[in-house]
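See structure below.
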Amino acid sequence: MNGQQRELIRTSFEQVRQHKEEASELFYEHLFAGNPELLPMFKSASARSQVNKLMQVLEYAVDHLDHWPTFMSQAEELGARHVAYGVRPDHYAAVGVTLMTTLRAVLGNEFSDETEEAWMEFYTEISLVMERGGRG
């Protein structure tokens, strides 16, 4: 990610942050609509708490854009922990598509092509490192 992409992510996420509960609910609504096979992974009480954790992880990642190598090592550890939840490599693609859909819905016209490209780069870097962590 370059500096301009980091700034686009920061700026756009400030808008998302103002609607984070709504964005989380919208994200999971879209995720399960397009990937109903993932729903059983979220049936337990502890899994339901994951709804808010998505926004927490995104907030943390955005807040640590200037400390990316440190965050990426944490993302690798997070990927390793997600294996216990049943997360497979193909799930990361579904999450990425759903994240873009959610951002588009929350940001509306503010979700420009450049902003989408920045978010795709951001998410791709994170998901690849998490997948690597999941492989051990």
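The mean of 1/r over all pairs of different alpha-carbon atoms in the chain, once inverted, gives a Kirkwood hydrodynamic radius of 15.2 Å.
Evaluate E = 1/(1 + (r/R0)^6) for Q4 and T70, where r is the Cβ-Cβ distance and R0 equals 25 Å; express this FRET efficiency to the nearest 0.05. The calculated FRET efficiency here is 0.70.
Here the label points at T124 and Y60, each 7 Å from Cα along the C-beta direction, are separated by 2.5 nm in the simple model. Dipole magnitude for the chain: about 620 debye, using +1 per Lys or Arg Cβ and -1 per Asp or Glu Cβ, origin at the Cα centre.
Of S112, S127, the sequence from fewest to most neighbouring Cβ atoms within 10 angstrom is S112, S127. Annotation: amide H-H contacts under 5 Å for H19 (H modelled 1.01 Å from N, sequence separation of 5 or more, or interchain): none. Segment E22..D113, full-extension length gain: 30.5 nm, with 0.36 nm per residue of separation and the alpha-carbon distance subtracted. Our estimate of slack between E37 and R104, defined as 0.36 nm per intervening residue step minus the Cα-Cα distance, is 21.7 nm. Going from the residue with the fewest nearby Cβ atoms within 10 Å to the one with the most, V16, V62 rank V62, V16.
Annotation: the residues T115, T70, T98, T124, sorted from fewest to most other C-beta atoms within 10 Å of their own C-beta, follow the order T70, T124, T115, T98.
Only the coordinates and a few stated rules stand behind these numbers; no lab work does. Every value quoted in this text rests on a predicted model; they were computed, and no experiment measured them. Because the Cβ atoms are built from the backbone with ideal geometry, glycine has one as well, and the counts that use them run over all protein chains shown.
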